[in-house]
Amino acid sequence: MGENQSYTAHARALLALGLPLIGSHLAQMALHVTDTVLMGWYGVNELAAVVLGTSFFFMFFILGSGFGIAVMGMVASAMGRGDETQVRRETRMGLWLSILYGLAIVPFMWFSKPLLIVAGQNPDVSTLAQDFLRIAGFGMIPALLIMVLKSYLAALEKTQVVLWVTLAAVVVNLAVAWALIFGHWGAPELGVRGAAIASLSTQTLTAVLLSLYAALSEGSRRFRLFQRFWRPDWPTFRQVLKLGAPVGVTGLAESGLFIAAAMMMGWIGTIELAAHGIAMEIAALAFMFHLGLSNAATVRIGRAEGEGDTTAMRQAGITAVVLSFGFGCLVVALFLSFPHPLIGLFLDRAKPEAAEILTFGTTLLSMAALFQLFDAMQVVALGLLRGVQDTRAPMLIAALSYWGIGIPTSYVLAFVLNVGGSGLWLGLVVGLAFAAGLLMLRFWRGPWFRRPAGAESPA
């Protein structure tokens, strides 16, 4: 990477890696939005079932995705050391773990109705959600394989292909869902099952395309990723498991934070919950920039760590933080300057409740301005730490910040002090601020700036 590389060069490298990843994250969101819109056109119960089923699927997916995310930092570090054999072993064991986890999860998808009913969901909606999951659930394995392959290609700095394949997936999903949900173009009308088939088809096709690229492309072929795929490497298997499991738990803790926030907002009122959902959607769109940059930072830090180049690690880290913070400030200005137009994009102004949602949503968007900065800093810090293969301590920090500080503060402000929905969001900001501060402190004061190249993380 080079010790004398300028901050401008680091910024160019981070953006070259990060912008395609940002695009792929936005495209992934488009997949979700497409399914939601189409099912909304089809029927209310069907929409509720697909939203419920997708949420159930996502919970298990987040937990299993840690193996794929861990592979990114591990492979980047191996590339920095010039260890091509380890690149193959780490990626292959990431694929193994994803397959094994996916197989273990399929029964939960098949028998999801009792679990959903126990969780207090409507029985009729739960029946439809199970119909959806009995097909879509088999997509867990290809979905997790996609995560590993995306991480592998990102670590090789092949992010353009990730973007183009994800965009192709959006088109395929839209076409198949349109045909099978409504029965267009001579296809049978399958409703929720049609949405599930579209999801499974899209995930399978994406996994196949990324596998073919990983196996056959000029830059990746030399790693012989699928050669003697059945041969285990148990020490590497254990290392990917050791690093990946905490990443999955961290992701689950963060997503659980927002699920809990939505539930508590529902206790306040329907109008507040609707406004909360809109504000979250807007914040999520902006968050994709920081997530893509975090992924790019993992690769850059991992490469530098593998090379033993602590100067490059510091420079790449500072550049990632500055870029993310700078974009966050622009978003803050946007949220504070144009809250009404932004909230209004998601509303039918003719509806009687639209004015109330708009008013409360505007208040939440001002809170989202603070939220945006702290959320940006915590996800970038997680990316930096994953680059040095430090995952266990960040998991504990995240769990403490989100659930030990964020949720209790939200509850006290919203319901004990009667601040309402604004107080609930302020609690989230406090939790994210703690996470950002502690994670940043851990990275910048960490032992990786002193340890030799390729040494295992103490965490």
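The values are calculated or read from the model by the stated rules, or taken from the named source; none is laboratory data. Here the structure is a predicted model, which means the values were calculated and not measured. Quick reminder, even Gly has a Cβ in these numbers, built from the backbone with ideal geometry, and neighbours come from all protein chains shown.
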(message) Against the definition (touching a helix residue (DSSP H, G or I) at 6+ places or on another chain (Cβ under 7 Å) and of a type in the set (Gly, Ala, Ser)), how does Gly251 come out, yes or no?
(response) yes
(request) Have a look at Val240, Val208 and point out the one that is surrounded by fewer than 18 Cβ atoms within 10 Å (Cβ to Cβ) and at pLDDT 90 or above. (result) Val208
(message) What's the total number of residues in the range 360-419 that are out of contact with any His (no Cβ under 7 Å at 6 or more places or on another chain), polar (S, T, N, Q) and part of a helix (DSSP H, G or I)?
(response) 7
(request) Mind checking which helices (runs of 4 or more DSSP H) fall wholly inside the range 246-356 and carry at least 2 residues that are of a type in the set (S, T, N, Q)? (result) 270-307, 310-337
(message) Please verify whether Ala177 is hydrophobic (A, V, I, L, M, F, W, C), farther than 28 Å from Leu17 by Cβ, in a helix (DSSP H, G or I) and touching a residue at least 40 places away in the same chain (Cβ under 8 Å), treating the condition exactly as stated.
(response) yes
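Rundown of residues vs (1) modelled with pLDDT of 85 or more; (2) in the same structural domain as Gly404 (by TED's automatic domain parsing), yes/no style:
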{"site": "Arg222", "(1), (2)": "no, no"}
{"site": "Arg228", "(1), (2)": "no, no"}
{"site": "Gly251", "(1), (2)": "yes, yes"}
{"site": "Met265", "(1), (2)": "no, yes"}
{"site": "Ile268", "(1), (2)": "no, yes"}
{"site": "Glu281", "(1), (2)": "no, yes"}
{"site": "Ile301", "(1), (2)": "yes, yes"}
{"site": "Gly308", "(1), (2)": "yes, yes"}
(message) Just to be sure I understand the filter: pairs with C-beta atoms under 8 Å, separated by 6 or more residues or on different chains, first member in the range 161-172 and in the same structural domain as Ile146 (by TED's automatic domain parsing) and closer than 11 Å to Leu209 by Cα, second member surrounded by fewer than 18 Cβ atoms within 10 Å (Cβ to Cβ) and small (Gly, Ala, Ser). Which pairs pass?
(response) Val161/Ser217
(message) Please go through the range 173-194 and give me each residue that is aliphatic (A, V, I, L, M) and within 19 Å of Gly40 (Cα to Cα), ordered by number.
(response) Leu174, Ala175, Val176, Ala177, Ala179, Leu180, Ile181, Leu190, Val192
(message) Checking the structure you have, find out if any residue of the range 19-34 is hydroxyl-bearing (Ser, Thr, Tyr), assigned to a helix (DSSP H, G or I), surrounded by 16 or more Cβ atoms within 10 Å (Cβ to Cβ) and modelled with pLDDT of 85 or more.
(response) yes
(request) Kindly indicate whether Phe237 is more than 30 Å from Ser324 (Cβ to Cβ), in the same structural domain as Val162 (by TED's automatic domain parsing) and of a type in the set (Phe, Trp, Tyr). (result) no
(request) Take Ala275 and decide whether it is free of Cβ contacts under 8 Å to residues at least 40 places away in the same chain and either over 21 Å from Gly80 (Cβ atoms) or β-branched (Val, Ile, Thr) (or both). (result) no
(request) Inspect all residues belonging to the range 64-73 and state whether any of them is under 30 Å from Arg193 (Cβ atoms), surrounded by 21 or more Cβ atoms within 10 Å (Cβ to Cβ) and either modelled with pLDDT under 85 or among the hydrophobic types (A, V, I, L, M, F, W, C) (or both). (result) yes
